[in-house]
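Below: the structure, in structure tokens.
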Amino acid sequence: MLVLSRKQGQSIVIANDIVVSVIDIGHGRVQIGVKAPPHLAVHREEVHRRIQQENRMRSPIAFSSGDLPTVEAGCAGTV
């Protein structure tokens, strides 16, 4: 992890198109602003974790071919 010190009004640039700026400092908090291209999602960490958890709950269970249930020969499809 890169740790930087910034003063109010100063910024850092990530990958040429993401700018993180220190907006305000005070009352035990730091207010930051993030400017990023519209195709990049920017979320607070707790929101990101909740989205990831919801996505895992919605995704179908992925089976590898070895995990699929099998039917014994002669038992399926007979009428």
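Residues are listed down the side, and each one gets a yes or a no for (1) modelled with pLDDT of 90 or more; (2) of a type in the set (S, T, N, Q):
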| residue | (1), (2) |
| --- | --- |
| S21 | yes, yes |
| L40 | yes, no |
| Q53 | yes, yes |
| R56 | no, no |
| S65 | no, yes |
| V71 | no, no |
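Here is a check on your reading of the model: is P60 part of a loop (DSSP other than H, G, I, E, B), exposed (fewer than 10 other Cβ atoms within 10 Å of the Cβ) and either modelled with pLDDT of 95 or more or in contact with a helix residue (DSSP H, G or I) (Cβ under 7 Å, 6 or more places away or on another chain) (or both)? So P60 does not fit the description; no.
For the stretch 27-47, the criterion of being surrounded by 10 or more Cβ atoms within 10 Å (Cβ to Cβ) and part of a helix (DSSP H, G or I) is met by at least one residue.
Cβ separations smaller than 6 Å between residues 6+ apart or across chains give the following pairs from the stretch 5-34 residues that are free of Cβ contacts under 8 Å to residues at least 12 places away in the same chain to residues that are exposed (fewer than 13 other Cβ atoms within 10 Å of the Cβ) and part of a strand (DSSP E or B): Q31/I23; Q31/D24.
The values are calculated or read from the model by the stated rules, or taken from the named source; none is laboratory data. All of these numbers come straight from a predicted model, not from anything done at the bench. So basically every Cβ, Gly included, is an ideal-geometry build from the backbone, and we count neighbours across all protein chains shown.
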